[in-house]
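Novice: Okay, handing you the structure first.
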Amino acid sequence: MDKINKFKDWLLNIKGYSNKTADVYFKYAKHLETNKKDYIISMSKYKHTCNNTKRVILSAFKKYYEFIKDKRKNQIILPKKEKRVQDYVSFEEYKQLINFVKNHKTTNISLIIIRLLFETGIRSSELLNIKTSDVFNNRIRIYGKNRLERFVFVCDSLAKIINDLKIKKIKNNNHKLFSIGYKALYKRINNLSKRINKKLSPHMFRRGFATHCTLQNIGIYQISQMMGHENINTTKNYIKCNLNEEIMATIFK
């Protein structure tokens, strides 16, 4: 068990993985250990899962083999990724959600979270890791994958409520802007699903951001930088399936 715990520390502190990814890899590494580190036996439990899930599990096994310097790492070949049309939050749906949150007795936290997710396109893990020291009026420092640092920019109205929250947090000696975990964030977002008749998740706002920026004629290179993508092809995956629907909804009006 000590080795498994060290593996998680290695993922977080050496490889720079997010807490969420480290937790997933930690879970599957434990499963691998219980099967005498045999990835073939370990995968028998997951033979009926989809290819995308298998890719995650096998990636965890490969990374654990790398950590313990096991040559079986080179034997693992990831299955082909399944491409699916991913749903997203459109700009009109976003406005509906904002109006609902503003007109009902919900906290400012929900408003800030929704606006940050859609207006900056940040990942949920990046949102939850924002500290008060990362907020500089209209600029927010974000630490992305592999601890890559970037800044996102927010408009004046959003900057005001974020800075008000920052002041409140500092007074309470709390250094995190949002004192919740991913499960609480997911539940908060999912509870708004019935407002637009669509099952919501935090990541759908990130895809909505990419699509909206494209419709505003912002270049893919700029969108890629704002989203913290190292590879511009990753950004293409966020917008190529979504754009046609938005265009065709208005082109013949």
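The values are calculated or read from the model by the stated rules, or taken from the named source; none is laboratory data. Keep in mind the model is a prediction, meaning the values are calculated, not measured. Positions of Cβ are generated from backbone atoms using ideal geometry, with glycine treated the same way; all protein chains shown enter the neighbour counts. Surface areas here come from the heavy atoms of the whole protein model, side chains and all, with no ligands, DNA or RNA. Shrake-Rupley method; radii C 1.70, N 1.55, O 1.52, S 1.80 Å.
Novice: Set the Förster distance to 51 Å, then compute FRET efficiency between Ile196 and Ile76 from the Cβ-Cβ distance, nearest 0.05. Could the numbers behind the result be given before it?
Specialist: Values: r = 41 Å, r/R0 = 0.80.
Taking R0 as 51 Å, the efficiency between Ile196 and Ile76 is 0.80.
Novice: In degrees from 0 to 90, rounded to the nearest 10, what is the angle of the helix 203-215 Cα long axis to the longest principal axis of the chain?
Specialist: Its long axis makes an angle of about 60 degrees.
Novice: Okay, moving on. Quick check: from the Cα gyration tensor, does region 98-245 come out rounded (a/c under 1.5), prolate or oblate? Can you show the working numbers first?
Specialist: Values: a/c = 1.77, a/b = 1.23, b/c = 1.43.
Taking the square roots of the gyration eigenvalues as a ≥ b ≥ c, region 98-245 is oblate.
Novice: Order 213-221, 31-39 from most to least packed using the mean count of other Cβ atoms within 10 Å.
Specialist: Numbers: 213-221: 13.4, 31-39: 15.2.
Ranking the peptides 213-221, 31-39 by packing returns 31-39, 213-221.
Novice: Put a dot 7 Å past each Cα toward the Cβ at Asn138 and Lys171; how far apart are the dots in nm?
Specialist: 2.7 nm
Novice: Tell me whether region 12-114 comes out rounded, prolate or oblate; compute the Cα gyration tensor, take square roots of the eigenvalues as a ≥ b ≥ c, and use a/c under 1.5 as the rounded threshold. Don't skip to the answer; put the middle values down first.
Specialist: Working: a/c = 3.29, a/b = 2.24, b/c = 1.47.
Prolate is the answer for region 12-114, as a/c is 1.5 or above and a/b outweighs b/c.
Novice: Averaged per residue, what accessible surface does the chain expose to a 1.4 Å probe, in Å²?
Specialist: Values: 15100 Å² over 253 residues.
Roughly 60 Å² per residue, with all protein chains present.
Novice: So, one more: With the cut-off at 1.5 for a/c, could you classify region 8-70 from its C-alpha gyration tensor as rounded, prolate or oblate?
Specialist: Taking the square roots of the gyration eigenvalues as a ≥ b ≥ c, region 8-70 is oblate.
Novice: So, one more: Which links in Lys95/Lys166; Lys3/Lys54; Lys47/Lys81; Lys95/Lys236 stretch past 19 Å when you go from one Cα to the other? Can you show the working numbers first?
Specialist: On the way: Lys95/Lys166 25 Å; Lys3/Lys54 24 Å; Lys47/Lys81 15 Å; Lys95/Lys236 25 Å.
Over 19 Å Cα-Cα: Lys95/Lys166; Lys3/Lys54; Lys95/Lys236.
Novice: Roughly to the nearest percent, how much of the accessible area of the chain is carbon and sulfur, given a 1.4 Å probe?
Specialist: Values: 7760 of 15100 Å².
Percent of accessible area from carbon and sulfur atoms in the chain: 51.
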